[in-house]
Every structure is written in C-alpha cells, then in structure tokens.
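The values are calculated or read from the model by the stated rules, or taken from the named source; none is laboratory data. If you're wondering where the values come from, they're calculated on a predicted model, not measured in any experiment. Cβ placement follows ideal geometry from the backbone for every residue including glycine, while neighbour counts extend to all protein chains displayed. Only protein heavy atoms, including side chains, enter the accessible area calculation; ligands, DNA and RNA are left aside. Shrake-Rupley method; radii C 1.70, N 1.55, O 1.52, S 1.80 Å.
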Amino acid sequence: MSDITEKKKILMIDDTDFHLSIAKNMLKNDYEVITARSGKEGLDYLLKGLVPDIILLDIIMPNMDGWETSHKIRGISLLQDVPIAFLTSSSEAEDVKYAQQIGAADYIIKPYEKNDFLKRIKNIIEKYHKRK
C-alpha cells in the first residue's frame with residue numbers, strides 16, 4: 001500500500017508572469033500550483049469545479065482587481081470557506097485593513113522571503129483543514 005498523499009492545491013492569480021513564476025518555484029515541491037493570469041481566468045477554473053486548499057490573489061490587476069475577484073469567489077457557495085491570501089505589492093494601510101475586514105487569511109507583501117512565505121502558506125492550509 002502506498003503512503004503517497006495527494007498534494008494540497010494552490011490557485012495563484014496574478015497578472016505578472018514574473019510573480020507567478022517566483023511563487024510557483026517556491027511552492028512546487030510541496031504543493032500542486034495552478035496559475036491564472038487574471039481574475040477572470042481564476043474564476044473560470046473555480047467555476048469548472050476546482051476547489052483549492054488556498055487561493056493566492058494579487059490585488060493590482062487590470063480589468064478585474066483582486067478585491068472584485070475575491071468578492072466573486074465568496075459568492076460561490078462551495079468556495080466560501082477556502083482561504084484567500086492576498087499576495088501583492090501594495091503596502092497601503094487601507095488595503096491591509098480592508099483585507100482584514102473581508103476575512104482574508106493573510107496579506108503578504110511582495111517581495112517576500114521564501115522560508116517565511118512557505119511557513120505562512122503551510123499554516124493557512126493547516127488551519128483550513130482543521131476547520132473542515
């Protein structure tokens with residue numbers, strides 16, 4: 001019998017290939033990372049049945065920003081409890097406060113340090129699975 005457990009899934013939504021690539025490289029050994037280059041593309045994955053263990057979401061994106069994307073995700077009943085962590089270059093106090101108000105699991109400011117980033121993601125996913 002095999003002890004291989006299925007990797008936890010992370011949906012990462014960011015409009016910049018550079019940021020997607022950096023985070024994916026940090027996460028790929030421990031997680032299955034699905035990337036989307038826009039809020040719409042991320043929502044398309046979710047509406048097709050993807051239920052990730054965490055969603056990493058940039059705020060500053062064209063067409064549909066991270067705030068609007070997160071509100072649309074929360075409107076999908078199956079995904080209401082999936083943690084959303086904002087992964088963004090915005091360090092504005094108002095953005096951090098708003099993320100807390102809407103129940104974000106975390107607010108991670110780019111650039112971030114690898115070990116801290118991995119620890120934060122692991123903690124969020126563990127908390128989510130304890131609640132499930």
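Quick look at the numbers
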| item | result |
| --- | --- |
| Residue identified as surrounded by 19 or more Cβ atoms within 10 Å (Cβ to Cβ), of a type in the set (A, V, I, L, M, F, W, C) and farther than 21 Å from K130 by Cα among M26, M64, M12 | M12 |
| Breaking point among (1) touching a Phe, Trp or Tyr at 6+ places or on another chain (Cβ under 7 Å); (2) aliphatic (A, V, I, L, M); (3) open to solvent by 80 Å² or more (accessible area, probe 1.4 Å), for A36 | (3) |
| Search result, residues across the range 36-66 that are of a type in the set (D, E), without any contact (Cβ under 8 Å) to a residue 40 or more places away in the chain and within 23 Å of E92 (Cα to Cα) | D65 |
